[in-house]
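> What follows is a structure written as C-alpha cells; I'll ask about it next.
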Amino acid sequence: MRYDPPFHLTNGLIPTVVTVVLLAVFPFVFDASYLRHLLILAMVFAIVAASWDLSFGYGGLLNFAHVALFAVGIYAYGILAKTYGVNPWLAILLSGPIVALVASFMVLPVLRLDGMYVILVTIAFSQILYQIVISQSQITGGTSGMVTLPMLQIDGYRFVKDGKIGYYYTAFVLMVGSVGALFLITRSALGRSIVALRDNKYYAQARGVSEWKTRLATLAVSAFFVGIAGGFYGSYVRVASPDIFGIGSLTLVLSILLVGGLGTIWGPVIAAFIIILLSESMASLGPWRDILIAILIVAVMIFYPGGLWGVVQELRELAQNMRSSMMARYRRGAERAVRQKITGIPEQMIDTAHGRIAVVDIGPSAQHAGPPILFLHGNSACKEAFQNQFAHFRDRHRLIAFDLPGHGVSDNGSPEQTYNVIAYADIAEEILQKLGVERPFVVGWSLGGYNALELTSRNPAAYSGVVTTGTSPLTVAPDDFARGHNAKSHIILAGKQYLTGRETVTLASHATVPKSDKSAFLHRNVRRTDGRARYYMITKLTVVDWPRQMRMLREGDIPVAIMNGDDDPFLNHRYIADLPFGNVWKGHPTDIPGGRHAPFFNQPEVFNRELEAFFEAAVKDRTLRRSA
Amino acid sequence: MSVESFLFVLSGGIVLGALYALMASGLAVVWSTLGIFNFSHGAFIALGAYIGWQVSNAEALGLGHVAGLSATLVVMFAAGILFQQIFIRPFERKDNIIAATVITTLAGATILQNAMLLIWGPRAKQIVAIAEGTISIGPVAFSGNDIALIVMVALILGFAGWLLARTRTGRSMRAVAQNRQAAELMGLNVPLLYALAFGLSAAMAGMAGYFVGSIRFINPTFGADPLMKALIVVIFGGIARFTSPIYAALIVGLVESFTIFYLGLYWAPAMLFAMMTVVLTIKPSGLFGHHQRTL
Amino acid sequence: MSEPVLVVSDLTKKFGALTAVDGVSFEVRPGEILGIAGPNGSGKSTLFNAITRVPFAQTSGIVLFKGAQISNLANNEIAKRGIARTFQRESVFGNLSSIDNVLVTIEQTNRASAFAQKIALAEQALDLVGFPATLHNWQAGRLPVYLRKLVMIAGAVALDPAVLLLDEPASGLTVSEIDKMRALITHLNELGMTILLVEHVLSLLMEVSDRLMVLDQGRVIALGDPATVVANPTVIEAYLGTPA
C-alpha cells in the first residue's frame, strides 16, 4: 500500500491557500507601491531559490552557477526584446529554454566530478559566462550592461502603471506556477530518480537510472525556471547588469536557499520573502545591513542547520503541543461532569514521573470480591472507551483506568521520555502502587495491549492475568509489527504526527466505530491527542524488550486472554493464531464477532461475558491449561 | 613579436605568477588540511593590504615596510584563527560541511568586506612601492618593486614549505589532511592543527595582499579578483604537493600575461576559466598528480 | 545443453598497478546458481562491478548476455537488459519510502505504463521477497538491516532480471535471517532467475550453489561441482595456505 495523498488532501493545503489568497488580495488592501515592489522582488527570488533547490537540495548537485544562469536569463530577455525586438512576453518565455540550453553545457563536467569539485567547476562556469558577457560589449553593453529594456504591456496598458499592479500579478502567477510545477516534479518519476541518484548514485545506476539523463534533466529543468525568472526580472527592472554575476547576488540567493532549508521547495520560498523584506527594511543601515544579514545567515547555519523550514516544523510541533494540552486542560475542568456521567466513576489527578495523569478508580469496597481490573486504552483514545466494562464490572471488581500522557485529560509528556511503551508501563506501575492496588487483571486495547504485556512481563506473578484486545504481540520490531498487522488498513495513520481532518475521521472510524452519539467522545479524543505521542510511540517500538513479552506468553507464567474482533481491520489474524501461546484461555485467541478493532465497545455484551468467564477461570486456577 | 616585448610580457607573467602562487598556496593549505574551500580568502587578502597600509603608510601610522609586513603577518595569523573558530569550527563534524562552509565563508567575506568599508571608507589606498628604481637585465628593465616582490614571495613560500615539510607541526598538518581519524588516534591535536593551518593560510593571504597593494589600488572588494585567480590556480595545479599550486601559478600568470598581450584584457579571464574547466573535466586532481582527499 | 545465458571472457580490471580481476572467463547456464567464493580481496565484488559496470567498467574483456555483447553498454542499460545486482552493503535510497525504492526501478523500465500498474508491480516485487506490506511507507533508511536487504533485492527483482548477481546477501544477518535469505535465494531461482552468488557464509554457498567458482588474486582457481571444488588442494591452499 503506497500512502501518498495528493496535495489537496494534505495539511499543506490550508496554509498554501491562505498564502496564495493573501498575496492575491494584497494589492487591493494596501496601496503601498514600494511594498509591492519588494514583494515582486521576493516572488522573483522565490522562483530563483526554489528552482535551485531542485538541483542543489533534491539532486545534491552543488551547482553554484545557478545565479549566473539567472543573469543569463536577464540578458536573454534584454537581447531578444531590445536588440531583436521580440515581443517581451515571448522573450520571457524563450528565456527559459535558452537558459536551460546554456545550463546543459555543464552536464559533462558535473557528471565527472563530485562534491567540492562541482562547486568549483560551476563557479568557473559562471565566471566564463560573466567574462563572455562583459567581453561582448557590442551585444551586451559590456561592463555597463544594457538599459531601458522593453517593459511589459498589453494593448498599450503599461504594467508599471497603477502602482506596478500588472507586474505584481505577473510575478504572482509566475511564482505560483513555478513553485507548483517544481513541487509536482519532486513528486514525479523524475523527482524520485533525482533523489535516488543523490541518495546512492551507484545503486541508482544498478537499478536502471541513467545518470547523465537524470542530471541533464535536473540541470535543465532547474535552469528553465530560473531563466523565466530572469526574463521577467529583466522586463521589470529594465536593466541587465553584469553585477548579477557577482558574489553579492550569489550570497543573497544562497542564503535564501540555505536559510530556507534544502530539499524542501517551500523553505526557500518563505525565506525569499523574509530575507528580501528584512534586507530592504535595513537599507538605511548601509554596510551594517550586509554585516547583520551575514551574521544572521551564519547563526541560522549553526543553530538551525535545517533552515527556516526546520523552524517552521518546530513551531508547528509547538502549536500542536499547546493546542492539545490546552484542550486537555479545558476539558479537565469543564467536562468533568460529562465524563463522570459516561463512566460513572469519579476522576482524580495523580502526579507521576511523567506528569499529571487523569485516573478513575472506584476505590476498594466490601462488595469487591474479585481482583481489581486495570484498563489500558489505545492510541489516540481515552479511558472512557471502557465505559461498558465499567458499568458491567463495577459491582464486583475495583476498576482502575487512566488517560495516557498526551491523551484524554492527562498532561502532555516530553516526547523523548514519555511517549513509548516502556514509559506507559512505568506510569501504570506507579499508579497501581500509589492507589495500593494488588494483583490486578490488566486489560489492554491495541497500544494498551502492548503496554499491558510490557507491564505484566516485568513481574508476571504480581498480576492475576492479562487480556489484550486489538493487539498483535511481537518478538521483533518492526518486522513483527509489520507482519502482525494488515497492510490494507489505515495503520499508517496510527503513527502519523499530523492528521488532516479526513485522516482524523478515518483513524477514529477504523480504530473504533463510525461516529455516533455514543462514540463521539472517542472521535473527539483523536483531535486532542498529542500527535507526537503517535509518532514517537511508533519510532520507539524498537527499544521495547519484545522477546520478554513473547517469552511470558509462551511460557505461560500468567493467565492470558486474547480477545480480538474477528473483523478487526488492523490485525493479521493468521499471524496471531500461529503465535506460541503457553497459557491462553480456551487454548487459542477468542474471536468476538463484529467487534472490529474495539470489540469491548462494539460488542460489549459478548465481550463482557467472555471477559467475565476468563476472570473466573483465571481466579480459580492460574494454570488455564489444566482447567481447559 | 620583438624580443623586448616578449621579455616584457614574460617578466610581467612571472610577477603575476609569483603573486598568484602566494595567494593560491594559502588557499591550498586550508583546502588540503581541512578539506574545505575558503571563500573569504579574497577578503583576507584585502584585509592584509589594509592592515599593511595602516601600519606602513605615511598617511597613517607611517612605520615603514618592515613594521607593516610584520604587523600584517601577526594580525592576519590571529585573524585567521579567530575566523576559523567562528565560521568553520561549528561545522567540522557535520556531514554537510562542504556546503555549509561555502555559505559561512561567503558570509564571512561579506562581513569582512563591509567592516573594511566601515573602517577605511570607500576611497582607494595604495601601499608605496617596496623598492624603488629599475634593474636592467639585458634589454629589459625590471622595476625594483617587481624584483623585490619576486624575491620576497620566494622567501615566504620557501619558509612556509619548510614549515610544512620539515617541522613536526607541519608534518602533523599533512597527516591530518590525509586522515583525520588516524591523526586523532595518533594523539594529534586536530583542532589546534586546523586552527594553525587557517592562521598560516590567512597570514599568507595577508602577505599577498600587502604586495598586491603595492602595485594596485586597495578597496574593500579588492580581494574578489585575487580569489578567483587563486581558485583557478588551485584547480589547475591540484593540491597534491605544496609546490603544485606554485607551478600552476606560474603557468597561469604567463598565460594571462600573454593572452592579454595577444587577445586583449577581456579575454584573459575567460581563457583561464575555460582552461580550468577543461582541466577539471579531464583530470579533476589537477595537472600535477593525484589529490589526496576525496571531497 | 542450452545456450549459456552469460558468457564472461577474459575479463580484466586493473587499478593502476593492481590487477583485481585477471582474465576471468566462465559461462553461466540458464537457471543455475553459480556460487563464487574466494578469500578477501580475491576480486569477487570487482568481478560483479566489471560485469555490471557499476561503479566502473572493465579494463578489458567481453561479457555476452543471451548471446549479445553487453560489455560496451552504459551501466543502467545493462541493468535494464536484465542483469540485476545487489551490493555487499545494504544500499537503499534512504530518503525514499520502501515502496518508492522499488517504484523508481519500475519507472526506469517499460514494464508498465499506468501509474497504478507500476505500483502494483512494485508491490508484487516486495511481496515476492517477503517484505512486509505494512512497512511499504517506511523510509527505507530507517529500516533494520535485513529489511533493507529485502528492499534492495526487491529492487533487483523489479527489473525482471534473467540474471541476478547477489553480493554477500547474508553479511551482517543473524542465523535465522540467513535461513530466510537462503529460502529467498532458492525461491528466486525456482522462479527462473539465474543467480550468481558471492558469499562468505560458506554453508549457505555450499547448500544453494549448483556449481562453485573460486577466485584467488583475481584468477579462477577452481570451477565445478561444489563438493569437488572445496576438496581441491589449490582451493584449500588459497584459503589456508598462507598463515594470516
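The values are calculated or read from the model by the stated rules, or taken from the named source; none is laboratory data. The structure displayed is predicted, hence computed values, not measured ones. Here the Cβ is made from the backbone with ideal geometry for all residues, glycine too, and neighbour counts use every protein chain on show. Surface accessibility is based on the protein's heavy atoms, side chains included, excluding ligands, DNA and RNA. Shrake-Rupley method; radii C 1.70, N 1.55, O 1.52, S 1.80 Å.
> So if R0 is 30 Å, what FRET efficiency would A:Asp114 and C:Gln88 give, r being the distance between their Cβ atoms, rounded to the nearest 0.05?
Details: r = 21 Å, r/R0 = 0.70.
With a Förster radius of 30 Å, E is 0.90.
> Within 10 Å of each Cβ in peptide A:111-122, how many partner chain Cβ atoms are there on average? Round it to a whole number, please.
Working: counts 1, 5, 4, 3, 6, 11, 9, 4, 6, 11, 8, 1.
Taking all residues of A:111-122 together, the mean is 6.
> Magnitude of the Cβ-charge dipole of the protein assembly as shown, K/R +1 and D/E -1, about the Cα centre, nearest 20 debye? The partial results should precede the final answer.
Details: 89 positive and 77 negative charges, 237 e Å.
In debye, rounded to 20, the protein assembly as shown gives about 1140.
> As a test, work out the antiparallel percent of DSSP beta bridges whose residues both lie in the protein assembly as shown, rounded to the nearest 5. Provide the component values of the computation, followed by the final result.
Working: 38 of 74 bridges.
The antiparallel fraction comes to roughly 50 percent.
> Can you find, among A:Ser178, A:Phe70, A:Trp212, the residue sitting farthest towards the positive end of the charge dipole of segment A:7-245, where Lys and Arg contribute +1 and Asp and Glu -1 at Cβ?
A:Trp212
> Could you report the accessible area of A:Glu616 in Å², rounded to 10, computed with a 1.4 Å probe on the protein chains as they sit in the structure?
Spelled out: A:Glu616, probe radius 1.4 Å, area about 120 Å².
> I'd like the trypsin sites (Lys or Arg not before Pro) in segment B:115-170 restricted to DSSP loop residues with at most 10 other Cβ atoms within 10 Å, sorted by number. Mind showing how you got there, number by number?
Working: sites: B:Arg123, B:Lys125, B:Arg166, B:Arg168; in loops: B:Arg123.
Qualifying residues, ordered by number: B:Arg123.
> Right, here's the next one. In cubic angstrom, how much convex hull volume per residue do the alpha carbon atoms of segment C:89-160 span? Could the numbers behind the result be given before it?
Numbers: hull volume 5.3 nm³, N = 72.
Dividing the Cα hull volume of segment C:89-160 by its residues yields 73 Å³.
> With the other protein chains left in place, how much accessible area per residue, in square angstrom, belongs to chain A at a 1.4 angstrom probe? Before the final figure, lay out each step's value.
Working: 23420 Å² over 628 residues.
Ligands and nucleic acids excluded, the result is 37 Å² per residue.
> Here is a follow-up. Got a sec? Which residues in segment A:451-487 would a label at A:Asp545 touch, if it sits 7 Å along Cα→Cβ and we count backbone N under 13 Å?
Taking a point 7 Å out along Cα→Cβ of A:Asp545, the residues of segment A:451-487 whose backbone N falls under 13 Å are A:454-460.
> Mind grabbing the accessible area of A:Lys518 for me, 1.4 Å probe, Å², rounded to tens?
100
> Could you check the spin-label model distance between B:Ala58 and B:Leu155? Points 7 Å from the Cα along Cα→Cβ, value in nm.
My value for the distance between the label points is 2.4 nm.
> Please name whichever of A:Asn412, A:Tyr424, A:Leu101 sits farthest to the positive end of the charge dipole of chain A, dipole taken about the Cα centre and charges placed at Cβ: Lys and Arg +1, Asp and Glu -1.
Of the listed residues, the answer is A:Leu101.
> So, one more: In Å and whole numbers, how far do the C-alpha atoms of segment A:335-627 stretch along each principal axis, longest first?
Principal extents (largest minus smallest coordinate, Cα): 50, 42, 35 Å.
> Sticking with this one: Measuring from the lowest to the highest alpha carbon on each principal axis, how far does segment A:383-533 reach, largest first, in angstroms?
Principal axes ranked by extent give 42, 38, 28 Å for the Cα atoms.
> Can you tell me the 0 to 90 degree angle between the C-alpha axis of helix B:190-213 and the longest principal axis of chain B, rounded to 10?
10
> Cross-link list A:Lys515/A:Lys620; C:Lys44/C:Lys66; C:Lys14/C:Lys118; C:Lys66/C:Lys118: which exceed 30 angstrom alpha carbon to alpha carbon? Don't skip to the end; give the middle numbers.
Working: A:Lys515/A:Lys620 40 Å; C:Lys44/C:Lys66 22 Å; C:Lys14/C:Lys118 40 Å; C:Lys66/C:Lys118 26 Å.
Check vs 30 Å cut-off fails for A:Lys515/A:Lys620; C:Lys14/C:Lys118.
> Could you work out how far helix C:175-190 tilts from the main Cα principal axis of chain C, as a 0 to 90 degree angle to the nearest 10?
90
> Same structure again: To the nearest 0.05, what FRET efficiency results for C:Ser203 and A:Arg554 with a Förster distance of 35 Å applied to their C-beta separation? Could you put the intermediate results ahead of the total?
Values: r = 28 Å, r/R0 = 0.81.
My answer for the efficiency is 0.80.
> Leaving ligands, DNA and RNA out of it, report the carbon-plus-sulfur percent of the accessible area of the protein assembly as shown at a 1.4 Å probe.
Of the solvent-accessible surface of the protein assembly as shown, carbon and sulfur hold 61 percent.
> Considering the options C:Phe15, A:Leu262, C:Ser71, tell which one lies farthest towards the positive end of the dipole of the protein assembly as shown, charges being +1 on Lys and Arg and -1 on Asp and Glu at the Cβ, about the Cα centre.
A:Leu262
> Tell me, rounded to the nearest percent, the portion of alpha carbon pairs in chain B spaced more than 35 Å apart.
On the way: 6878 of 43365 pairs.
I get 16 percent for the Cα pairs in chain B exceeding 35 Å.
> Would you work out the relative contact order for chain A, in percent, from Cα pairs under 8 angstrom that are 6 or more residues apart? Display every interim value, and only then the final one.
Working: 1086 pairs, mean separation 78.4, N = 628.
Relative contact order here is 12 percent.
> Moving on. If we restrict to alpha carbons, what Rg and Dmax does chain A come to, in Å?
Over chain A's Cα set, Rg and Dmax evaluate to 31.6, 104 Å.
> Next question. From Cα pairs below 8 angstrom and at least 6 apart in sequence, can you work out the relative contact order of segment A:7-245, rounded to a whole percent?
Working: 327 pairs, mean separation 95.9, N = 239.
Relative contact order of segment A:7-245: 40 percent.
> Whole angstrom only: what separates the Cα centroid of segment A:184-232 from the Cα centroid of segment A:545-588?
49
> Determine the relative contact order of segment B:153-295: mean sequence separation of Cα pairs under 8 Å and six or more apart, normalised by residue count, in whole percent. If you can, show how the numbers build up before the last one.
Details: 100 pairs, mean separation 29.9, N = 143.
Once normalised by length, the contact order is 21 percent.
> On to the next question. Could you give the size of the charge dipole of chain B about its Cα centre, using +1 on the Cβ of each K and R and -1 on the Cβ of each D and E, expressed in debye and rounded to the nearest 20?
Details: 15 positive and 9 negative charges, 167 e Å.
It comes to approximately 800 debye.
> List the residues of segment B:110-127 that lose 50 Å² or more of accessible area once all protein chains are present, compared with their chain alone (1.4 Å probe, heavy atoms only, no ligands or nucleic acids).
Correct list: B:Ile111, B:Asn114, B:Leu118.
> When the distances between all Cα atoms of chain C are binned every 10 Å from zero, what whole-number percent does each bin get?
P(r) over chain C, rounded to whole percents: 8, 32, 36, 19, 5, 0.
> A further question on this structure: To the nearest 10 degrees, how steep is helix A:447-458 against the longest Cα principal axis of chain A, on a 0 to 90 scale?
60
> Can you give the convex hull volume of the alpha carbon atoms of the protein assembly as shown per residue, in Å³?
Residue-normalised Cα hull volume stands at 227 Å³.
> Treating the beta-carbon of each Lys and Arg as +1 and of each Asp and Glu as -1, no other charges, what is the dipole magnitude of chain A about its Cα centre, to the nearest 20 debye? All intermediate terms of the calculation are to be shown ahead of the outcome.
Details: 55 positive and 45 negative charges, 116 e Å.
Roughly 560 debye, rounded to the nearest 20.
> Per residue, how many Å² of accessible area does segment B:3-282 show with a 1.4 Å probe? Let's see the in-between values first.
Working: 10840 Å² over 280 residues.
Heavy-atom accessible area per residue stands at 39 Å².
> Let me ask something additional. Probe 1.4 Å, all protein chains in place: accessible area of A:Asp4 in Å², nearest 10?
Solvent-accessible area, nearest 10 Å²: 70 Å².
> Now a separate question. Let me make sure I get this right: for segment C:1-91, a, b and c are the square roots of the gyration tensor eigenvalues over alpha carbons, sorted descending. Under 1.5 in a/c it's rounded, otherwise prolate if a/b > b/c, else oblate. Which is it? Don't skip to the end; give the middle numbers.
Values: a/c = 1.35, a/b = 1.31, b/c = 1.03.
It is rounded, given that a/c, with a ≥ b ≥ c, falls under 1.5.
> Follow-up. What accessible area, summed over both chains, is buried at the B-A interface (1.4 Å probe, Å², nearest 100)?
Details: alone 13600 and 26830 Å², together 36840 Å².
So the buried area, both faces added, is about 3600 Å².
> What FRET efficiency, computed as 1/(1 + (r/R0)^6) with R0 = 45 Å and r the Cβ-Cβ distance, is obtained for A:Asp155 and A:Met322, rounded to the nearest 0.05?
On the way: r = 53 Å, r/R0 = 1.17.
Calculated value: 0.30.
> Can you pull out the buried accessible area for chains C and A, both sides counted, probe 1.4 Å, rounded to the nearest 100 Å²?
Working: alone 11140 and 26830 Å², together 34890 Å².
Summing both chains' loss of accessible area gives about 3100 Å².
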